[in-house]
1. Scanning for something at pLDDT below 80, closer than 23 Å to residue 221 by Cα and touching a strand residue (DSSP E or B) at 6+ places or on another chain (Cβ under 7 Å), does region 32-47 turn up at least one residue?
2. Just checking, does region 10-26 include any residue being closer than 30 Å to residue 123 by Cα, at pLDDT 95 or above and either assigned to a strand (DSSP E or B) or in contact with a strand residue (DSSP E or B) (Cβ under 6 Å, 6 or more places away or on another chain) (or both)?
3. Scan region 42-79 for residues that are under 30 Å from residue 116 (Cα atoms) and either in contact with a helix residue (DSSP H, G or I) (Cβ under 7 Å, 6 or more places away or on another chain) or not in a strand (DSSP E or B) (or both) and jot them down.
4. Might you check whether a residue that is farther than 15 Å from residue 78 by Cα, in contact with a helix residue (DSSP H, G or I) (Cβ under 8 Å, 6 or more places away or on another chain) and modelled with pLDDT under 95 occurs anywhere in region 217-224?
């Protein structure tokens, strides 16, 4: 009887001792969804932020290499629209144009967190929130409107991530997508209307995204030794 009781007490102590270890587990991956808005900048909108904001939805996957660096992949659907009515620019023959177009994006970005991002390891100055910057490369496809647009894009943006609970992250991100073409609108009037030779910085279309995300952590990583040196390289 005494031996059995002692064994049960040891088992309970052992299980209780495992609870902090399970809670303190860090994860390598995130997966989740995004929702927000998209808008276009080009011949029909030179510099008006959020003009013609339309819905955008997507899925996101993130690999957290360490507290500072992450690699993200996204698959997005969005809609853009534009209208030349009321613009200061005068188009040849005083032409006017409007358009609405859906697009799909597949992309990848590198993210750099300004703070070490984690809701654990406070002794290593980890924070449960962090602003970040991103840079990457993607592919944008916009079918329909008589001619399908397909081309590379270069995303550049900023964001804020917050770990609201163990394994649950909230995010807000604003980014620009620089395109390598001038016919994203799918409208002949807006396809290089001034017949100016294009360059990388001139006569190209852009679109921007304001996205909110919820992601779930998975894929436990090996727990590092409890010292700052090992954490910094984790």
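The values are calculated or read from the model by the stated rules, or taken from the named source; none is laboratory data. Model, not experiment: these values are computed from the prediction. Here Cβ is always computed from backbone atoms with ideal geometry, including for glycine, and neighbour counts include all displayed protein chains.
1. no
2. No: zero hits.
3. Narrowing region 42-79 to residues under 30 Å from residue 116 (Cα atoms): 56-76.
65, 66, 67, 68 - these are the residues of region 42-79 that are under 30 Å from residue 116 (Cα atoms) and either in contact with a helix residue (DSSP H, G or I) (Cβ under 7 Å, 6 or more places away or on another chain) or not in a strand (DSSP E or B) (or both).
4. Of all residues in region 217-224, those farther than 15 Å from residue 78 by Cα come to 217-224.
Adding the requirement that they be in contact with a helix residue (DSSP H, G or I) (Cβ under 8 Å, 6 or more places away or on another chain) leaves 223-224.
Okay, now just the ones that are also modelled with pLDDT under 95, so 223-224.
Within region 217-224, one or more residues are farther than 15 Å from residue 78 by Cα, in contact with a helix residue (DSSP H, G or I) (Cβ under 8 Å, 6 or more places away or on another chain) and modelled with pLDDT under 95.
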